[in-house]
Amino acid sequence: LLDTDEYARNWGRFWRDVMLYNSTAGPKKVDRGALEGWLTDQFKKDRGWDAIAAELVMADGKKMEERRDNFLIAQDGSSTRMAAETTRVFMGINVQCAECHDHPFDQWKREQFHQMAAFFAQDKYFMPDAHDPAKKTEMKPKFLLGQTPKSTLKGDDKRIAVAAYLIYDPKNYWFARSYVN
């Protein structure tokens, strides 16, 4: 079963649907088939989920021919969308409501969400004030469990740090748990 094309295609389709479920980008912008094809190829090659996830998170969206970039493109280049979808898909937790307010039923705070979103901004990232959107506070990247990356990280290096955090941080058990689930 594991060696069949059908197995790889099934998982490629499944993960495409999981990754693009909340996408707001239109069908002309996101190539669902290309992402599914890329995922199918990865499963055919028996690549580990850690390597697949790392490539998806580290994609920069600058090379439209890179089929893996469709995960990033599906979020319309939004730092907040990437933070919400990266944590949902690769950690199995929903922190999106913390974009606007502290999570009502979980531990996630609004500041934590925006610190995570700061990883996906090319430059500085600003959190709008909850009561006056004209007021903004600069947020520095910080992982959900409180670890702080090197302060010298810029642009693409911040996404690389997120991939390393997701996959290799021994305190982040959510990555393995979400895949097994």
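Computed from the coordinates by the stated procedures, all read-outs in this text should not be read as laboratory data. In this text, all values refer to a predicted model and were calculated from it rather than measured experimentally. Here the Cβ is made from the backbone with ideal geometry for all residues, glycine too, and neighbour counts use every protein chain on show.
Worth a mention:
- Quarter of the Cα convex hull surface for the chain, i.e. its orientation-mean projected area (nm²): 11.0
- A cut-off under 12 angstrom between Cβ atoms defines the neighbours of Ile93, and their net charge, with Lys, Arg +1 and Asp, Glu -1, is 0.
- With the simple spin-label model, which puts each label point 7 Å out from Cα in the Cβ direction, the Asp106 to Leu145 separation comes to 1.6 nm.
- Straight-distance candidates among the aspartates and glutamates for linking to Lys171, with alpha-carbon spacing under 17 Å and chain neighbours fewer than 8 residues away dropped: Asp50.
- Debye intensity ratio I(q)/I(0), log10, the range 129-181, q values 0.18, 0.30, 0.32 Å⁻¹ (C-alpha model): -0.72, -1.17, -1.26
- Scalar couplings 3J(HN,Hα) for the range 126-133, obtained by applying the Karplus form with A = 6.51, B = -1.76, C = 1.60 to θ = phi - 60°, are 10, 8, x, 4, 5, 10, 9, x Hz; x denotes Gly and Pro.
- Estimated at 0.36 nm per residue, the fully extended path between Val18 and Asp157 surpasses their Cα-Cα distance by 47.5 nm.
- In the range 33-105 the Cα-Cα distances spread across 10 Å bins starting at 0 as 19, 46, 26, 9, 0 percent of all pairs.
- Cα-based reach from Lys124 at 16 Å (exclusive), listing lysines while leaving out same-chain residues under 8 positions away: Lys135, Lys136, Lys140, Lys142, Lys150, Lys154, Lys158
- Positive-end residue of Pro27, Val162, Ala54, charge dipole of the chain with Cβ unit charges: Val162
- Lys, Arg +1 and Asp, Glu -1 on Cβ, resulting dipole of the range 1-136 about Cα centre, debye, nearest 20: 260
- Spatial separation of Cα centroids for the range 113-181 and the range 1-24, in angstrom: 27
- Amide H contacts under 5 Å for Met139: Tyr125, Phe126, Met127, restricted to partners 5 or more places along the chain or on a different chain, H placed in the peptide plane at 1.01 Å from N.
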